[in-house]
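Report on the following structure.
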Amino acid sequence: FKIPLSDYTNAQIEEALKIISETENETHSQTEATINEDSETAFRRVEYEVLRSEQSENLLVTQNVSIDLYESALKKMFSRIILVHKLRETRAFAGFTRVYPENLQKLVERKALLRRENLPENEDWLPATIVYGEGLFFELNEQILRRWEENFTEQLSNHLQPLTEAHWKLQKERGWKSNSLSARFVVLHTLAHLFINRLTFECGYSSASLRERIYVSTKTDAPMAGILIYTADGDSDGTLGGLVRMGQPGKLESVLFNALDHARWCSSDPVCSEMGKHGQGPDSCNLAACHSCALIPETSCELFNRFLDRRVLINTIENTSLQGFFDFAQNI
């Protein structure tokens, strides 16, 4: 019988084994680095790793566009841009809460609220919908992002103090999960909102049909800094193809620059910037962010329009020692 590897040389076989070994070592070290992560971050990390590479499956089709095809401004800001031609999202109804959406209720407790009578032990299902759509995935340049965080550590801590205090207050009063609020999260979250607001003008989607998903971790050995902007609806909005088209070289640049230019001077400035010093918006959890510049429909935002600030992303009219991430990246 024919030996399966007889068509390959010894050198080719050794190279293949080397690649497999390196991949296993990388996966093992990554697992060790993320072993202490909370369940939500660990869940998102799996999505993050899948989105970073090209996929051609029945439920997910992505295309990794070379960052060198974009203008230098984007190459400094992003390390990876992925066009998501097709994705499937499953939305399961796992319970509900009163007044406040997040609390310390366990999944079993939330599921019990859905039914008058408990299901038999051999049955455990939830009502769910499956929708298809498209999207854009961005990964920030980790080296430049980390340099920015290190260069402005003290300034960022002082600048985000109102947000940190508001976040801590919500955790205490409403039973939110205890976690920290990082500067990179505010950068990613604000950038996602600016993109969504601009894409409604550039490709005709309604802002309510676009959604965000933030992938963030400040771990030095396993960092994350990614954004997925996608549309997945039961109507034609999820299949038009316009969102993917806007991510192509020669088109994405104008979307990004226009979004940042409009955010640099909000139509409500200087009121928006001045109010942001002490917090504004829902539960005073925003700084320089209002309906005229950075807020989007609440159904599109993961945190109901909280923890946003234009100032950590771009330089505004205020003359402070803190430099926005985008302006910092362009000056390197």
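The values are calculated or read from the model by the stated rules, or taken from the named source; none is laboratory data. Computed from a predicted structure; not experimentally measured. Using ideal geometry, Cβ is built from the backbone for each residue, glycine included, and neighbour counts are taken over all protein chains shown. Only protein heavy atoms, including side chains, enter the accessible area calculation; ligands, DNA and RNA are left aside. Shrake-Rupley method; radii C 1.70, N 1.55, O 1.52, S 1.80 Å.
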Checklist line | Cα shape, region 132-286, gyration tensor, a/c 1.5 rule | finding: prolate
Checklist line | Long-range Cα-Cα pairs in region 80-152 (distance over 14 Å), rounded percent | finding: 76
Item checked: Carbon plus sulfur fraction of accessible area for the chain, probe 1.4 Å, in percent -> 51
Checklist line | Estimated distance in nm for a label pair at residue 219 and residue 97, the labels positioned 7 Å out from Cα along Cα-to-Cβ | finding: 2.5
Margin query: Taking 41 Å as R0, compute the FRET efficiency from the Cβ-Cβ separation of residue 38 and residue 7 and round it to 0.05.
Written below: 0.30
Notebook entry, point to check: R0 = 41 Å: FRET efficiency of residue 149 with residue 85, Cβ-based, nearest 0.05?
Noted result: 0.80
Next item on the list: Place a +1 charge on the Cβ of each Lys and Arg in the chain and a -1 charge on the Cβ of each Asp and Glu, then give the dipole magnitude about the Cα centre in debye, rounded to the nearest 20.
Entry: 700
Next item on the list: Please give, to one decimal in nm, the separation of the simple spin-label points placed at residue 161 and residue 112, each 7 Å out from Cα toward the Cβ.
Entry: 4.4
Next item on the list: Once you've got the GNM for the chain with C-alpha springs shorter than 10 Å, pick whichever of 124, 68, 269 has the biggest mean-square fluctuation.
Entry: 124
Item checked: Over the chain: helical MRE at 222 nm, DSSP H runs n ≥ 4 each giving -39500 (n - 2.57), nearest 500 -> -11500 deg cm²/dmol
Margin query: Leaving ligands and nucleic acids out of the surface, order 106, 76, 111, 277 by accessible area at 1.4 Å, largest first.
Written below: 106, 277, 76, 111
Note to self: Tell me the label only: which of (i) 140; (ii) 163; (iii) 194 is volume of the Cα convex hull per residue in Å³ as calculated from this structure?
What the structure shows: (iii)
Note to self: Show log10 I(q)/I(0) for region 240-332 at q = 0.12, 0.23, 0.26 Å⁻¹, two decimals, from a solvent-free Debye sum over equal Cα scatterers.
What the structure shows: -0.43, -1.19, -1.30
Notebook entry, point to check: Using r as the Cβ-Cβ distance of residue 171 and residue 71, and R0 as 41 Å, what FRET efficiency do you calculate, to the nearest 0.05?
Noted result: 0.50
Check: residue 187 accessible area, nearest 10 Å², 1.4 Å probe?
Finding: 0
Next item on the list: Can you work out the accessible area per residue across the chain, with the rest of the protein chains kept in place, probe 1.4 Å, in square angstrom?
Entry: 55
Next item on the list: Would you rank 220, 200, 129, 62 by solvent-accessible area, highest first, keeping every protein chain in place and using a 1.4 Å probe?
Entry: 220, 129, 200, 62
